[in-house]
Amino acid sequence: MFPDFRYLIHGITGAWPPEWMALFKTFGLMVALAFIAASMVLIRELKRKEAAGLMQPEVKTIEEGRPATTGDVLLSALGGFVLGFKVGGFFGHWQEIAPDPASYLFSTRGHLLAGIVVAALLGFLKYRDGKKATRTKPVTKKVAVYPHQRIGEVVLIAAVAGIIGAKVFNALETWDQFIADPIGSLTSSSGLTFYGGFLAATAVFYFFAKKHKIRFAHLADAAAPAILLAYGLGRLGCQLSGDGDWGIYNSAYVTQADGTLTEAPRGAVIPFLQQTQTQHAFVAAPGWLPRSFVAQNYAHNVLNEGMPVAGCTGDYCSVLPVAVFPTPLYETVACVLLFLLLWAVRKKLKKPWQMFALFLIAMGIERFFVELIRVNTTYDLGFIKPTQAEIISTLLVLTGIILFWRSSRLQAGKAVV
């Protein structure tokens, strides 16, 4: 696995780069790429809907030629302080921060002097730019702002609301762990639940659309393919870093002391599985399929979960004692294929909500099947014992079916949310 850029570059080139490269995590890289890719897809789809007359611009009145207000200067200074405080803290302490930069970013640690200097600099620059823009007589004019021009706001909303929702939902799923270490749970880069992020971002998007007079149905339809693509690329980050979002154990393969996987015969006694009594299945890879598609032991995983790797030194020296099913890899493949499917049919769906409904159905089905081989909390409903993810996946599919049926019955031109 490649928990940070040092491991990633070493895996590609065979040479170890400088130790400060450990500050940059592969999971963060893939999340950033996921947002960039989703933004490009969303912009293109918003422009298509705007050209078709389905989305109208918001007309705003702006005033040019006034100096920066005290609030503008203070806001810039505050942003500068946070930036300088945190970035300055990296210097001289990066060895301590490198194993878990997320915890540092959400902590009170930093460099006070660097924060003050950058705050003063950015505050002054804001004041100076305002003075340069000042005119003898301020000019008021109206401008049209199209939905695709708000992509920066959309991405910021998706990032903030999605992460908060994912963390809160994960805390509810792992309540005992959260109570034991609430700060560590909330600031850790792992422990993100898709459903929580999706629900929180959807709720915030609804109010965002209302505020800017954007028809929410068309915004949801435009965002649907982008969400699938972003989710698939994000799961690739889970796969590369080994963040614990893997499947159940595959008892067909066990790990040796040097970290390599070897085959185990069916029915073999595996002490680890006997001691832990964890769920597992025996699936040997057929000759036409790479073994890594059904069994991986996530050596050097970012959670340091498992047993020590012989001869390894550093922050990530653990490997799972028994192989697991690489479910993040399955989700990456599935979501990219589903994205291509939705992208191919998007122009054929004429009614609002149809694309979003297909997205709900596709995501629900994908999540339902992958959860069959992932360890989850189950609920005893008497006649069945589904997992939480299976319940939510079923609700997503049913909601998508009902939404598609209702949208198909809408008359042309009928108002939608």
Cα-based equivalent ellipsoid of region 192-299: semi-axis lengths in Å, sorted from largest, via gyration tensor: 43, 15, 12
Cut-off under 5 Å, modelled amide H: who pairs with Gly259 long-range: Ala310
In deg cm²/dmol, rounded to 500, what helix-only [θ] at 222 nm does the chain give when every DSSP H run of at least 4 residues adds -39500 (n - 2.57) and the total is split over its residues? -18000 deg cm²/dmol
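How much length would be gained if the chain were fully extended between Met21 and Leu337, taking 0.36 nm per residue of separation minus their Cα-Cα distance, in nm to one decimal?
Numbers: separation 316, 0.36 × 316 = 113.76 nm, distance 3.29 nm.
Between Met21 and Leu337, full extension yields an extra 110.5 nm.
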q = 0.20, 0.25, 0.27 Å⁻¹: log10 I(q)/I(0) that the Debye formula gives for region 37-94, counting C-alpha atoms only: -0.83, -0.94, -1.01
Around Gly242 (Cβ within 12 Å, Cβ-to-Cβ, excluding Gly242; K/R +1, D/E -1) the net charge comes to -3
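Find the relative contact order for region 256-390 and round it to a whole percent, using C-alpha pairs within less than 8 Å whose residues are 6+ positions apart. Intermediate values should be presented prior to the final figure.
Details: 120 pairs, mean separation 23.5, N = 135.
That works out to 17 percent.
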What residues qualify as long-range amide H neighbours of Tyr249, i.e. H under 5 Å apart, gap of 5 or more or another chain, H built at 1.01 Å from N? Ala281
Here the Kirkwood hydrodynamic radius of region 249-325, Cα-based and in Å, equals 12.8 Å
To the nearest 20 debye, what is the magnitude of the charge dipole of the chain about its Cα centre, counting +1 on the Cβ of each Lys and Arg and -1 on the Cβ of each Asp and Glu? 2820 debye
Between 0 and 90 degrees, rounded to the nearest ten: what's the tilt of helix 216-241 against the longest Cα principal axis of the chain? 40 degrees
Enter the angle in degrees (range 0 to 90, nearest 10) between the Cα long axis of helix 194-211 and the first principal axis of the Cα atoms of the chain, meaning the one along which they spread out most. 10 degrees
Rounded to the nearest 10 degrees, what's the angle between the helix 151-173 long axis and the longest principal axis of the chain, both from Cα atoms, 0 to 90? 40 degrees
Across all directions of projection, what mean area in square nanometres is found for the Cα convex hull of the chain? 26.2 nm²
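Since every read-out is calculated from the coordinates, none of them should be taken as a lab result. This is a predicted model, so every value here is computed, not measured. For neighbour counting, all protein chains shown are included, and Cβ atoms are generated from backbone atoms with ideal geometry for every residue, glycine included.
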